[in-house]
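First the structure, then my questions, so here it is.
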Amino acid sequence: MNALLLSGGKSSRFGTNKAMETINGKPLIEQIVQGLKNVFEKVYIIGNVKEYTFLQGVFFCEDIIPNKGPLGGLLTGLICSDSEYNFLTACDMPFLTREFFEFVKLQKKDYDLLVPAYNSYLEPLAAVYSKKCLPFISDSLKRNQLKLKSFFPQVNVRIIKETVIREIGEPEKLFFNINYKEDVEKIEMNLERSEKI
C-alpha cells in the first residue's frame with residue numbers, strides 16, 4: 001500500500017502555505033512525510049510540487065487536472081501510484097499515528113474505500129482508496145462535483161466506526177487539521193508544555 005499526500009491548496013484561511021509552516025524546527029510536510037515513509041511502501045506528493053523538491057525518497061506528481069481540489073489530487077495520486085490500494089491524507093493533518101496507519105494497512109481488502117467515522121462525519125482525508133474508484137472520481141470531476149464524498153455512493157465503502165478508532169487513539173487529535181495560524185500556536189504551546197513535564 002502506498003500513501004498519497006495532498007500538498008495543499010491555496011491555504012486561504014491560513015494566509016501562507018501551511019505545508020511549509022515550521023513546527024518543532026521542521027516544515028509540517030517533512031514531518032508528515034517521515035511518518036508515512038515509516039509505514040507505507042511509497043509516498044507520493046500530489047499537487048503543486050515545485051516547493052517540495054527538498055524532500056528525499058518521495059515521488060512527485062503534478063495535478064493532471066489543475067484546480068480541482070482534493071478530488072483532483074486523489075485522481076492524480078491513484079493514476080500515479082503503482083499500488084491498487086492507497087492511503088490518502090493532507091499536509092495539514094500532523095497527528096495521524098503509526099498505529100493508525102498500520103491498522104488501516106492490515107484491514108482485509110474487501111472494499112473500494114475504507115474511511116473512518118468520527119462525530120457522525122466521515123474523514124475522507126484519512127482513508128484508503130482503491131483504483132476501482134477512478135472511473136467514479138473521473139465522472140464527478142466531469143460534472144464539476146468536487147467534494148471528495150461526491151462519488152462515495154457509487155463505490156463499496158467500508159466505514160471504521162468511532163468505537164474502533166478510540167482503541168487506536170483519540171479521534172479528536174488523530175483527525176485534527178490545521179486551518180489557522182492560531183492552530184500552530186496551540187500545537188507549539190502543547191509541545192513546550194509536554195517538554196517541561
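Contact list please: Cβ distance under 9 Å, first residue in segment 151-173 and polar (S, T, N, Q), second residue open to solvent by 20 Å² or more (accessible area, probe 1.4 Å) and part of a helix (DSSP H, G or I), pairs at least six apart or on different chains.
That search, which allows pairs on different chains as well, returns GLN154/PRO135; GLN154/PHE136; GLN154/ASP139; ASN156/LYS132.
Can you tell me how many residues within segment 95-104 are open to solvent by 50 Å² or more (accessible area, probe 1.4 Å) and under 15 Å from the mean Cα position of the chain (by Cα)?
3
Shifting gears a bit: Tell me, please, whether a residue that is within 21 Å of ILE64 (Cβ to Cβ) and either of a type outside the set (D, E, K, R) or open to solvent by 20 Å² or more (accessible area, probe 1.4 Å) (or both) can be found in segment 158-179.
Scanning segment 158-179 turns up no residue that is within 21 Å of ILE64 (Cβ to Cβ) and either of a type outside the set (D, E, K, R) or open to solvent by 20 Å² or more (accessible area, probe 1.4 Å) (or both).
Looking only at residues that are among the small types (Gly, Ala, Ser) and within 13 Å of the chain's Cα centre (by Cα) in segment 31-60, which one is most open to solvent (accessible area, probe 1.4 Å)?
GLY35
State all residues of segment 37-52 that are in contact (Cβ under 8 Å) with a residue 12 or more places away in the chain and among the basic types (Lys, Arg); if no residue qualifies, say none.
From segment 37-52, those in contact (Cβ under 8 Å) with a residue 12 or more places away in the chain are 37-49, 51-52; that's our starting set.
Of everything in segment 37-52, those that are in contact (Cβ under 8 Å) with a residue 12 or more places away in the chain and among the basic types (Lys, Arg) turn out to be LYS37, LYS42.
Step by step: first the residues of segment 105-132, then only those that are of a type in the set (A, V, I, L, M, F, W, C) and either within 20 Å of GLN31 (Cα to Cα) or surrounded by fewer than 21 Cβ atoms within 10 Å (Cβ to Cβ) (or both), then the one that is farthest from the chain's Cα centre (by Cα). Which residue is that?
Filtering first and then ranking leaves LEU106.
In segment 8-42, what residues are of a type outside the set (A, V, I, L, M, F, W, C), at pLDDT below 90 and touching a helix residue (DSSP H, G or I) at 6+ places or on another chain (Cβ under 8 Å)?
Within segment 8-42, GLY8, GLY9, SER11, GLY15, ASN17, LYS18, GLU21, THR22, ASN24, PRO27 qualify.
Against the condition in contact with a Phe, Trp or Tyr (Cβ under 7 Å, 6 or more places away or on another chain), at pLDDT 95 or above and either over 20 Å from CYS133 (Cβ atoms) or not β-branched (Val, Ile, Thr) (or both), how does LEU88 come out, does it pass?
Yes; evaluated as a whole, the condition is true for this residue.
The values are calculated or read from the model by the stated rules, or taken from the named source; none is laboratory data. Computed from a predicted model, the values in this text were never measured in an experiment. Positions of Cβ are generated from backbone atoms using ideal geometry, with glycine treated the same way; all protein chains shown enter the neighbour counts. Note: areas computed on protein heavy atoms with side chains; ligands, DNA, RNA excluded. Shrake-Rupley method; radii C 1.70, N 1.55, O 1.52, S 1.80 Å.
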